[in-house]
Amino acid sequence: MRFYYLLILFSISLIAQSQPQVPKDYFENPLDVPLVLSGTFGELRSNHFHSGLDIKTQQREGLAVKSAAPGHVSRIKIQHYGYGKALYIQHPNGYTTVYGHLQRFSPEIEAYVKKHQYANESYEIELFPEAGELQVESGELVAYSGNTGGSGGLHLHFEIRDGSQRPMNPKLFGIEVQDNRKPLINGLFAYPMDADSHINHSAERQRIRLIPLKDGTYTTEKLNACGKVGFGISTVDQQDMASNQNGVYKIEANLNGDNVFQLNFDRFSFAETRHLNQLIDYEYYTSNRLRVQKLFVEESNPLSLYANVQSEGRLDIQDDLDYNYTITVTDFAGNESVIRVPIQGEFSESIQPKKLEETEYFVQANQSFSTEQNGIDIYIPKGSLYQDKYLDISFNGNTVNLHRDDTPIHQNITIGFDVSKYEAAEKEKMFIAKLGYGNRPSYSSTYKKGDRFTTGIRTFGNYTLASDNNAPWISPVNFSNGQWISNNSTLKVKISDDLSGIKSYRATVNGKFILMEYEYKDNMLTHDFADGAVTETENDFKLIVTDNVGNVNTYEAKFFKK
Ligand SMILES: [Zn+2]
C-alpha cells in the first residue's frame, strides 16, 4: 500500500516537473481570427528568448484585440521602440496578459492615455492605473492590432506572465494552434571539449551530415570519438497555414536510452533571458546567421529552461565502447523529429588540434579588467564576459578596435575617451560612435563630463570619436505654409537626423503643446486632429527637433482649419 502511495507521489512530482500546473481554459484567443503564428514562445532572438506569441493579423492593422480574461488594466506603456503601444491586464488569479505593438487602444482606454499624454506633454509614457479605474470583461475590446515599436511586420505580440512577472508559454494554458508539421532540423554539430578529446580525429567543431531514413527520422554515419564531447542542433518549427520558421517546444537528448539533457520552453525570467548568448554557439551564429543550440550547459549558464541535465549534457566517450546518442525535437502539438547518432569510442594519437587565438589581453570572466592607451580607456567589469577569453584589442589614434562581435557581452563594458585636446565648441558636437559596415559611424549613448566622454557597450567592435554638425531634417507631408487643411484628419511631418540621431521633438500650435506620435520606421510624426487640441481657424504650427549632440532645427508654418 505504502509503496503504491509513494509511486503515485513520485509520478505526480514527475508530471509537475515536466509541465507547470496552470488553468487550461481560463484565457481566450485575444483576436477573432484563427491563431496563426509568426513567432512562438522561447523562440531564439537577438540576445533574448521571445517572451510570448506573435499572432499574425492577416496583413492588416486594426483588428479588434480583446482581453483574454476578466481583470483590470494594470499598466500601459508607450515607447518609440520595444513593444510600441502596449497594454497589461492583471487578472484576479494572479496572471498578467500583455498585448504589444498596438495601433491604438479602445475609445475608453485611448481617452485615459491621451489625457495623461497631454498632461505630461509626451508621446512616450508609462501608466499604472488603479484596480478600479479600467476594469475589463473577458472578450472585451481593449485595443486594435498594429505594428508600433520594434516590430518587423503586422502582428499582435501576446504574453501571459505568472505572479512573479515571468513570461510563460501561452500554449500551456490551452491556447491551441493548428500544427501537423514536424520540427525542421537545419543542422547537427559536434563539439570536442577537452584538449585530448576528438571527433573523427579533430579537436574542432564539426558539422555532421544528416542521413534521412524512410521512417522520417535521421541518422548519421558512425562517429569516431574519445573523451568529453557535446552536440548542438539548429532546428525550427513550422506550423500549418504559414511558412514562418518558429521556435520548437522541447529538445531532449538520450545516451544509450537514458535521458541526459532537456530544454523545455515553458517559462523563464527576464533576468536570465540574455543567457541565450551562451545557449547558442554565438561565434557560429555571427559568421553563419544560423542559431545552433548547444545540448550541453556552459558552467556559468543559470538558465531555468534546462531539465534532467546529466554531467552538463557532456558525454564522456571511452575507448572501445559503443554509444547510441539520440536527439528528439518536439513542437507543442507533439510532432517529433528524431536523430540517431551512433558513436564508436576510439582513442586517437593523431588529433588535429584546435586553433587557439592568444593575444596580450587575457580577460577572466569572473574578474574585472582595464587597459588604457591613446587617451582611450576600457573597463570590463566582472561578469561582462561569459567565459575567459583572449581579447584582440588595438588602438589607432582616436579609434579603439575592441575585439570582434563574434564574442557576446553580458553586461556593459565602459569605454572612456580623453577629449581635453579639443575646443569646447568642438566637444559640443562630438560623440562616441561605433563604426559599422563601411566604417559608417552610429551613435553610442555618450555621457559627457568635463574632458571625458564615456559610453557603455554590449557589442564588441570599433569605437571612435565622431562629430555631428548638422541639425535634424524636417519636412511637412500633408500640408504647406499658409494652406487651408480643413479636410485633413491628421498633420504629418517627416523628421530624420544623419549622424547622432534624434533625441527629442516638441510640437505646438499657437504656443500650446500638441501630441505627435513618432513612428521611427517611416520617420513620421503624426498629430490626430480628433484629439481636439487644435481649436482655432488660424494656427501657428511650430516643431522643434533636437539631435543627440544638441543641434536644433525649428520648423514653423501657418495653417487654416474649420
Ligand atoms: Zn513578439
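Structure summary
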| read-out | value |
| --- | --- |
| Shape of the chain, Cα gyration tensor, a/c cut at 1.5 | oblate |
| GluC sites (Glu not before Pro) restricted to DSSP loop in the range 240-291 with at most 13 other C-beta within 10 Å | none |
| Theoretical gain in end-to-end length, ARG166 to TYR390 [0.36 nm per residue, Cα-Cα removed] | 77.1 nm |
| Cβ-based net charge around VAL545, under 10 Å, with every Lys or Arg adding one and every Asp or Glu removing one | 0 |
| Euclidean distance of C-alpha centroids, the range 458-476 and the range 394-454, integer Å | 11 Å |
| Kirkwood Rh in Å, taken over all unlike Cα pairs in the range 170-251 | 15.1 Å |
| Ranked packing of 422-428, 314-320, 344-350, 551-557, most packed first, by mean Cβ within 10 Å | 314-320, 551-557, 344-350, 422-428 |
| C-alpha center-to-center spacing [the range 274-292, the range 122-154] in angstrom | 33 Å |
| Environment charge of PRO20, counting only residues whose C-beta is closer than 14 Å and scoring Lys/Arg +1, Asp/Glu -1 | +4 |
| Relative contact order %, the chain, counting alpha carbon pairs below 8 Å whose residues are six or more apart | 11 percent |
| Coordinate range along principal axes, alpha carbons of the range 112-260, Å, largest first | 69, 38, 29 |
| Paramagnetic reach from THR286 in the range 370-391 [backbone N under 17 Å; point 7 Å along Cα→Cβ] | 380, 384-391 |
| For the range 23-51 and the range 68-101, distance of Cα centres in Å | 14 Å |
| Charge context of GLY149, other residues only, Cβ under 12 angstrom, K/R +1, D/E -1 | 0 |
| Taking only Cα atoms of the range 414-483, radius of gyration then Dmax in Å | 16.2, 51 |
| The range 312-408: Cα Rg divided by the 2.2 N^0.38 Å rule of thumb | 1.72 |
| Degrees, to the nearest 10: 107-120 long Cα axis against longest axis of the chain | 70 degrees |
| In Hz, Karplus ³J(HN,Hα) per residue of the range 360-375 (6.51, -1.76, 1.60; θ = phi - 60°; x = Gly, Pro) | 7, 10, 9, 10, 8, 4, 9, 9, 7, 8, 9, 8, 8, 6, 6, x |
| Cα shape, the range 240-331, gyration tensor, a/c 1.5 rule | prolate |
| Cα long-axis angle, helix 2-18 against the chain (0 to 90 degrees, to the nearest 10) | 50 degrees |
| Pairs of alpha carbons in the range 455-562 whose separation is greater than 22 Å (percent) | 37 percent |
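Rule-based calculations on the coordinates, nothing more; no lab input. Just so you know, these numbers come straight off a predicted model, no measurement behind them. Every residue, glycine among them, receives a Cβ derived from its backbone with ideal geometry; neighbour counts consider all protein chains shown.
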